[in-house]
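The values are calculated or read from the model by the stated rules, or taken from the named source; none is laboratory data. These numbers were taken from a predicted model, which means no experiment stands behind them. Note: ideal-geometry Cβ built from the backbone for every residue, glycine included; neighbour counts use all protein chains shown. The protein model used for the area step is the full one, side chains on, heavy atoms only, and it has no ligands, DNA or RNA in it. Shrake-Rupley method; radii C 1.70, N 1.55, O 1.52, S 1.80 Å.
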Amino acid sequence: MKVACIESDATGCKTWTISPSGSRLTGTDPNPKNLNKLVQIDPGSDAVIADLGDYYLSFYITVAR
Amino acid sequence: MKSRFVTAAASIALAGCLGRLAVVHAAPPRADIPVTVTIADTQNLYPMHVQSDVQGAYVNTKQVQSLILNGGGEWALTTYYGRNFTPSNRTVFFDLTEPVSFSNPPAPIGTAYVQSHLIAKCALVKVDLMKIKTGAPAQCPGRSVFKRPAVFGTVSHFSPPIFPRSTT
């Protein structure tokens with residue numbers, strides 16, 4: 001994932017955006033997608049117990065302190 | 001004279017040991033920082049695969065964790081709490097209708113609002129969120145976790161793959 005700082009103050013970055021890495025495009029959707037693996041997880045050990053294949057995901061998240 | 005020499009040598013040795021001890025001491029953990037998270041539902045008029053629950057921004061509460069962890073090592077948004085995935089009144093929308101290959105095993109959901117844990121683990125690649133400069137984005141591994149009804153996750157492809165732990 002690409003984590004970018006879009007605003008800073010004296011203590012450091014203040015606002016971040018989180019978006020897919022690179023610029024992978026699919027179909028007619030102009031938004032970049034991240035390549036993600038879907039997995040089933042053992043909740044006790046956090047181990048991967050099943051690989052359910054790869055999926056494209058688009059997202060754009062803004063984080064502000 | 002000899003005794004002074006021995007005392008001085010012992011002092012130097014002790015100082016050396018203390019110096020080593022000082023080096024071994026880890027930096028104290030930094031505090032978590034509450035943050036406000038906005039998840040875009042659309043971009044360029046197209047719906048996103050990860051969207052909000054249309055209830056506005058996510059803020060840090062007793063039931064929703066919205067934090068920069070360890071002073072800058074990770075960002076996390078968690079809409080459930082406790083060991084048993086107790087749901088909060090917030091969710092995240094996931095759209096898993098765009099597999100890379102249609103031979104994938106069936107996904108646990110097509111589209112759904114789910115209790116989720118989203119995290120960017122920048123500390124794993126030695127990136128401090130607080131120190132990212134404007135105009136110089138960083139690449140961090142990330143993942144999401146949701147329960148439906150078993151526990152599933154999406155993991156960003158990252159080289160080298162560093163989490164979650166794999167049984168293979």
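Observations
- Only one entry of B:Lys126, B:Lys133 meets the criterion of being closer than 25 Å to B:Pro29 by Cβ and within 18 Å of the chain's Cα centre (by Cα), and that entry is B:Lys126.
- A single member of A:Ile6, A:Ile61, A:Ile49 is over 16 Å from the mean Cα position of the chain (by Cα) and within 30 Å of B:Gly71 (Cβ to Cβ), and it is A:Ile6.
- Which listed residue, of A:Lys37, A:Lys14, A:Lys33, is touching a His at 6+ places or on another chain (Cβ under 7 Å) and either open to solvent by less than 10 Å² (accessible area, probe 1.4 Å) or assigned to a strand (DSSP E or B) (or both): A:Lys37
- Odd one out for B:Ile68 among (1) open to solvent by 70 Å² or more (accessible area, probe 1.4 Å); (2) under 12 Å from the mean Cα position of the chain (by Cα): (1)
- Of all residues in region B:69-124 being out of contact with any Pro (no Cβ under 8 Å at 6 or more places or on another chain) and acidic (Asp, Glu), the one that is modelled with the highest pLDDT: B:Glu74
- Of all residues making up region B:46-64, the number that are touching a Pro at 6+ places or on another chain (Cβ under 9 Å) and more than 7 Å from chain A (Cβ to nearest Cβ): 3
- Single match in B:Ala27, B:Ala40, B:Ala31 (criterion: within 30 Å of B:Val64 (Cβ to Cβ), more than 14 Å from chain A (Cβ to nearest Cβ) and modelled with pLDDT of 50 or more): B:Ala27
- Residue match in region B:53-65 (condition: modelled with pLDDT of 95 or more and of a type in the set (Gly, Ala, Ser)): yes
- Residues of region B:55-92 that turn out to be farther than 17 Å from B:Val35 by Cα and touching a residue at least 40 places away in the same chain (Cβ under 8 Å), as a count: 1
- Only one of A:Ser8, A:Ser45 that is in contact with a strand residue (DSSP E or B) (Cβ under 9 Å, 6 or more places away or on another chain), small (Gly, Ala, Ser) and open to solvent by 40 Å² or more (accessible area, probe 1.4 Å): A:Ser8
- Residues of region B:131-151 classified as open to solvent by 80 Å² or more (accessible area, probe 1.4 Å), within 22 Å of A:Gln40 (Cα to Cα) and touching a residue at least 12 places away in the same chain (Cβ under 8 Å), total: 2
- Test result for A:Leu25, at negative phi, in contact with a Lys or Arg (Cβ under 9 Å, 6 or more places away or on another chain) and at the interface with another protein chain (Cβ under 7 Å from one of its Cβ atoms): no
- Against the list (1) more than 8 Å from every other protein chain (Cβ to nearest Cβ); (2) open to solvent by less than 30 Å² (accessible area, probe 1.4 Å); (3) out of contact with any helix residue (DSSP H, G or I) (no Cβ under 7 Å at 6 or more places or on another chain), the condition B:Gly73 fails is (3).
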